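Take a look at the structure below.
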Amino acid sequence: MNGAELLVQCLENEGVTTIFGIPGEENLAFLEALHNSSIRLILTRHEQAAGFMAATYGRLTGKPGVCLSTLGPGATNFVTAVSYSLLGGMPVVFITGQKPIKKSKQGRFQILDVVRMMGPLTKFTKQVVNAGTIPAMTRDMFRIAVNGKSGPVHMELPEDIAAEEVDCTPVSRSILHYPVADPEAISQAAEIIKKASFPLILFGAAANREQICPVALELIQATGLYFFTTQMGKGVVDEHSPQCLGTAALSDHDYIHCAIDRADVIINIGYDVVEKPPFFMNHGTMKVIHVHFAPADIDEVYFPQHEILGDISHSLRALKDALSDMPSRNTDYFGRIHKEINAHVFQDQGHDQFPNTPQHIVSDIRQTVAHESIVSLDNGMYKIWFARNFKACHSHSLLLDNALATMGAGFPAAISAKLVHPEKQVIAVCGDGGFMMNSQEIETAVRLGLHIVIIILRDNGYGMIKWKQRGMHFSDFGLDFGNPDFIQYAESYGAKGYRITENGMLSTVLTKCLNASGVHLIEVPVDYSENEKVFLQELQNKTCLL
């Protein structure tokens with residue numbers, strides 16, 4: 001067999017069933033090997049979108065997603081997606097092609113030092129220089145991608161190495177077990193929590209894993225502790241829980257920060273400083289306990305006083321047992337904050353106006369889609385509203401990126417989510433700016449025969465930056481653009497398009513789309529005037545309860 005065929009066998013050995021990407025001339029031997037394998041190729045219309053899809057596959061399954069590109073421009077188109085998976089902690093194996101390395105046939109045409117380029121963006125990157133090393137390298141890369149904080153790895157497969165004859169077999173897969181926390185660290189943390197008057201739990205991105213969520217729920221139920229989440233921690237525990245105080249979508253001044261400011265101990269489970277700070281630590285009486293696979297990264301606003309390091313599931317079980325005799329405490333204050341948050345954050349504001357406010361759009365979508373559905377967000381002003389106002393019912397029921405926070409990822413992520421969970425309703429919610437960055441993937445979704453709904457929130461500009469611009473009292477300049485006719489645009493790809501033209505239409509149209517097969521696009525005009533009213537006036541002038 002040749003090196004390409006060996007690599008495909010190694011990928012099959014790792015349990016790979018799907019590869020996303022766009023092959024090039026240098027990948028043709030690999031493409032031929034793939035054609036004769038059990039692995040499905042999802043051909044996309046841009047390498048960036050393929051990377052987002054592979055990253056979302058890794059995020060949802062916990063197994064490395066795999067994607068493929070050619071050399072040069074194909075590889076550089078991966079850069080944003082590689083960064084997305086690195087900061088977001090999503091395991092991905094990126095495979096890029098390269099010209100022959102033993103004998104040049106085209107000079108320096110299209111040749112970049114891709115391995116060096118990928119160095120700062122990946123957990124591991126390497127060029128294959130001998131086909132005989134492919135089995136060990138592949139096994140190592142899949143281990144590295146999921147070990148500790150998950151993330152991307154990169155393999156460069158030159159054309160001549162792919163064609164090289166070799167007599168090897170894949171390396172046997174091993175089961176990876178995380179180290180467990182020191183019992184003394186658990187005991188000390190339990191004592192800190194028992195002595196606290198107002199302890200709170202925070203769930204971050206690394207806690208949003210299938211094997212952790214049930215244990216997190218057990219901890220909440222056993223201790224009665226109130227909890228809140230980061231944006232990427234939404235859904236670790238069902239946010240309809242009476243002990244849920246919502247999401248810290250902002251870093252300060254929100255209603256939830258009244259509870260945070262009163263807390264004397266916060267147990268940060270799976271929090272990473274790559275996420276926007278959910279609160280700013282102070283040097284006063286607040287203590288923070290860091291529960292994670294890896295030690296905390298210390299900076300000016302995050303310096304935990306105690307750490308529990310090791311497998312998070314094991315740590316939460318041990319902590320639950322250590323808190324079995326936790327004394328009862330007065331939780332009236334957090335209960336009152338819970339009511340305040342329900343009254344001010346989750347009320348359906350602007351229900352009688354058109355264009356609709358973000359709160360009303362969030363409310364309509366939450367009430368229409370099933371609790372088991374997946375809503376995938378792109379990046380824009382609406383992301384803050386969804387993070388605050390959308391109650392996530394289960395892990396990854398609201399997919400958002402608050403690490404790299406790149407535009408253009410929401411729709412490709414939704415395509416991947418539908419491939420992973422074909423039985424679930426999947427809805428992509430995108431701004432008009434972010435959607436147009438990878439809108440060509442409508443063709444991919446139609447070609448794959450997916451049933452998926454795209455909701456485009458149209459404000460004809462980069463709304464979040466305009467909000468920041470106004471908040472800094474700068475001129476309204478440089479952030480407006482035009483849009484295509486989204487209905488005709490969708491129909492040109494073979495999808496169906498709808499435009500919301502009056503109040504009350506969204507729920508009806510969305511229900512129709514969810515009950516019909518195919519790809520559906522719904523254009524929804526949005527009124528962002530509530531940004532200033534809520535975030536720059538209401539929250540700045542609020543008074544926390546005594």
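The values are calculated or read from the model by the stated rules, or taken from the named source; none is laboratory data. Here the structure is a predicted model, which is why all the values come from computation and not from measurement. Virtual Cβ from ideal backbone geometry, glycine too; neighbours counted across all protein chains shown.
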Given (1) over 30 Å from Ile260 (Cβ atoms); (2) among the hydroxyl-bearing types (Ser, Thr, Tyr); (3) surrounded by fewer than 19 Cβ atoms within 10 Å (Cβ to Cβ), where does Tyr498 come up short, assuming only one miss?
(3)
Going through the stretch 201-218 in order, the residues found to be surrounded by fewer than 23 Cβ atoms within 10 Å (Cβ to Cβ) and in contact (Cβ under 8 Å) with a residue 40 or more places away in the chain are Arg209, Glu210, Gln211, Ile212, Cys213, Val215, Glu218
Consider Asn531 against the criteria (1) in contact with a His (Cβ under 9 Å, 6 or more places away or on another chain); (2) assigned to a helix (DSSP H, G or I): it satisfies all of them except one. Which criterion is unmet?
(1)
If I filter the stretch 428-479 down to residues being acidic (Asp, Glu) and in contact with a helix residue (DSSP H, G or I) (Cβ under 9 Å, 6 or more places away or on another chain), which single residue comes out as modelled with the lowest pLDDT?
Asp476
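Yes or no, residue by residue, for (1) of a type in the set (Asp, Glu); (2) surrounded by 24 or more Cβ atoms within 10 Å (Cβ to Cβ); (3) over 31 Å from the mean Cα position of the chain (by Cα):
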{"position": "Met1", "(1), (2), (3)": "no, no, yes"}
{"position": "Glu12", "(1), (2), (3)": "yes, no, no"}
{"position": "Gly15", "(1), (2), (3)": "no, no, no"}
{"position": "Thr18", "(1), (2), (3)": "no, no, no"}
{"position": "Leu34", "(1), (2), (3)": "no, no, no"}
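Answer yes or no as to whether Val375 is over 17 Å from Thr247 (Cβ atoms) and either among the hydrophobic types (A, V, I, L, M, F, W, C) or free of Cβ contacts under 8 Å to residues at least 40 places away in the same chain (or both). Spell out how you get there, then give the answer.
Details: over 17 Å from Thr247 (Cβ atoms): no; either among the hydrophobic types (A, V, I, L, M, F, W, C) or free of Cβ contacts under 8 Å to residues at least 40 places away in the same chain (or both): yes.
So Val375 fails the test.
Kindly establish whether Asp261 is under 24 Å from Asn402 (Cα atoms), crowded, with 21+ Cβ neighbours inside 10 Å and of a type in the set (Asp, Glu).
Working: under 24 Å from Asn402 (Cα atoms): yes; crowded, with 21+ Cβ neighbours inside 10 Å: no; of a type in the set (Asp, Glu): yes.
Spelling it out, it is not the case that Asp261 is under 24 Å from Asn402 (Cα atoms), crowded, with 21+ Cβ neighbours inside 10 Å and of a type in the set (Asp, Glu).
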Any chance Glu184 is at pLDDT 95 or above, surrounded by fewer than 12 Cβ atoms within 10 Å (Cβ to Cβ) and not in a loop (DSSP other than H, G, I, E, B):
yes
Using beta carbons and a limit of 6 Å, which pairs, at least six apart or on different chains, have the first residue in the stretch 504-523 and crowded, with 17+ Cβ neighbours inside 10 Å and the second one in a loop (DSSP other than H, G, I, E, B) and not polar (S, T, N, Q)?
Leu506/Ile500; Val519/Ala495; Leu521/Ala495
Please verify whether the stretch 402-423 includes one or more residues that are among the aromatic types (Phe, Trp, Tyr) and touching a helix residue (DSSP H, G or I) at 6+ places or on another chain (Cβ under 7 Å).
yes
Please tell me if Ile134 is in contact (Cβ under 8 Å) with a residue 24 or more places away in the chain, more than 18 Å from Thr96 (Cα to Cα) and surrounded by 20 or more Cβ atoms within 10 Å (Cβ to Cβ).
no
Looking at the stretch 272-289, which of its residues are in contact with a strand residue (DSSP E or B) (Cβ under 6 Å, 6 or more places away or on another chain) and crowded, with 24+ Cβ neighbours inside 10 Å?
Ile289
May I ask you to list the residues in the stretch 106-132 that are under 34 Å from the mean Cα position of the chain (by Cα) and assigned to a helix (DSSP H, G or I)?
Val114, Val115, Arg116, Met117, Met118, Gly119, Pro120, Leu121
Can you tell me which residue within the stretch 315-336, out of those that are touching a helix residue (DSSP H, G or I) at 6+ places or on another chain (Cβ under 7 Å) and at pLDDT below 90, is surrounded by the fewest Cβ atoms within 10 Å (Cβ to Cβ)?
Pro327
Output the residue which, of all residues in the stretch 107-129 that are farther than 19 Å from Thr80 by Cα and touching a Leu at 6+ places or on another chain (Cβ under 6 Å), is surrounded by the most Cβ atoms within 10 Å (Cβ to Cβ).
Val128
Going by what's in this entry, would Phe142 be described as modelled with pLDDT of 95 or more and in the same structural domain as Glu47 (by TED's automatic domain parsing)?
yes
For the stretch 228-270, give me the residue count where each residue is among the basic types (Lys, Arg) and assigned to a loop (DSSP other than H, G, I, E, B).
1
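I'd like to check which helices (runs of 4 or more DSSP H) are fully inside the stretch 449-519 and have at least 1 residues that are within 14 Å of Ser439 (Cα to Cα). Give the derivation first.
Working: elements: 463-471, 486-492, 505-514.
The helices (runs of 4 or more DSSP H) meeting that bar are 486-492.
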Starting from the stretch 384-401, keep only residues that are farther than 21 Å from Lys424 by Cβ, then list their pairs with residues that are among the aromatic types (Phe, Trp, Tyr) and part of a helix (DSSP H, G or I) whose Cβ atoms are within a distance under 9 Å, requiring at least 6 positions of separation or different chains.
Ile384/Phe535
